[in-house]
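Have a look at the structure below, then the notes.
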Amino acid sequence: MSTDSFLKRLTDAIIYLTIFPSPASKKDVSASVSYFPLVGFLLGCFLWICFSLFKETFPLPLTALFLLSILIIVTRGFSLDGLASFLDGLGSGKEGKKMITIMRERSRGTFGLIGLILAILAKYLLISQLIEAGSVRFLLFFPTVGGWSMVCLTWAFPITQHRSSISYPTSRDFWWATSITLLCVIFTQGLVGVGIMVLIWIFIYIFGYYVVKKIGGITPHIMGGCGEFVEIISLSFLVALLGSR
């Protein structure tokens with residue numbers, strides 16, 4: 001792969017997942033999905049820098065709030081929006097195209113709003129707990145596996161093609177993304193992180209299987225929602241491990 005191709009695909013992935021300015025190519029990320037874990041790792045590096053700046057000035061609970069706020073702003077709440085859309089669709093009791101139509105609505109329903117509140121609260125509590133325990137490398141871990149989950153979902157399951165901006169990653173793309181994720185996981189959490197990664201893969205498969213049964217395939221909202229679920233699950237595993245030590 002040439003340097004120009006690498007940079008273009010990485011840039012497209014950054015544009016799709018973050019608040020940074022979007023060129024006309026934003027709607028086509030078909031070749032860039034495999035770079036989502038790398039974007040997650042870069043987001044984690046940015047959070048680590050912010051943590052280094054905040055920790056000496058603000059108390060740890062407030063620092064955790066700042067980090068979560070920064071993550072939501074920088075990513076435009078991409079995964080949170082996907083989670084809310086999925087929960088609204090699920091709460092409607094519909095299936096197939098009717099559920100997809102509900103997920104695409106701009107206004108959030110009761111299920112979506114409740115899901116947003118619980119997800120943000122859960123993330124804040126988990127991040128606070130890990131920061132207070134002095135475990136800072138998790139800032140690299142959870143955004144990376146969140147990005148990887150989106151690659152897994154689009155690689156393993158069919159995609160609904162109607163108005164969709166995503167497409168199937170190739171096997172080469174999947175294994176490249178998995179390699180990047182594995183390196184990050186081993187660096188930040190060691191072999192324990194690899195075990196968490198395996199459990200996350202099991203969740204992704206169960207989640208994807210359920211979604212395909214409901215609506216026939218994966219959509220960008222489902223992809224984002226899966227990323228949010230995985231980030232919360234990975235943080236929960238890390239906090240549980242702290243409690244067992």
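The values are calculated or read from the model by the stated rules, or taken from the named source; none is laboratory data. Bear in mind that the values here come from a model prediction, so they are computed numbers and not experimental data. Cβ coordinates were reconstructed from backbone atoms using ideal geometry, including for glycine residues, and neighbour counts include every protein chain displayed.
Results, tabulated for the structure shown:
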{"read-out": "Segment 30-68 - residue that is in contact with a Phe, Trp or Tyr (Cβ under 6 Å, 6 or more places away or on another chain) and among the polar types (S, T, N, Q) and, of those, modelled with the lowest pLDDT", "value": "SER34"}
{"read-out": "Count of segment 77-114 residues which are free of Cβ contacts under 8 Å to residues at least 12 places away in the same chain and closer than 16 Å to GLY217 by Cβ", "value": "3"}
{"read-out": "Scan of segment 120-156 for residues that are outside any helix (DSSP H, G or I) and closer than 28 Å to SER34 by Cα, ordered by number", "value": "SER135, VAL136, ARG137"}
{"read-out": "Segment 97-118 - residue that is aliphatic (A, V, I, L, M) and surrounded by 13 or more Cβ atoms within 10 Å (Cβ to Cβ) and, of those, nearest to ILE232 (Cα to Cα)", "value": "LEU118"}
{"read-out": "Residue in segment 220-232 that is among the aromatic types (Phe, Trp, Tyr) and within 20 Å of GLY89 (Cβ to Cβ) present", "value": "yes"}
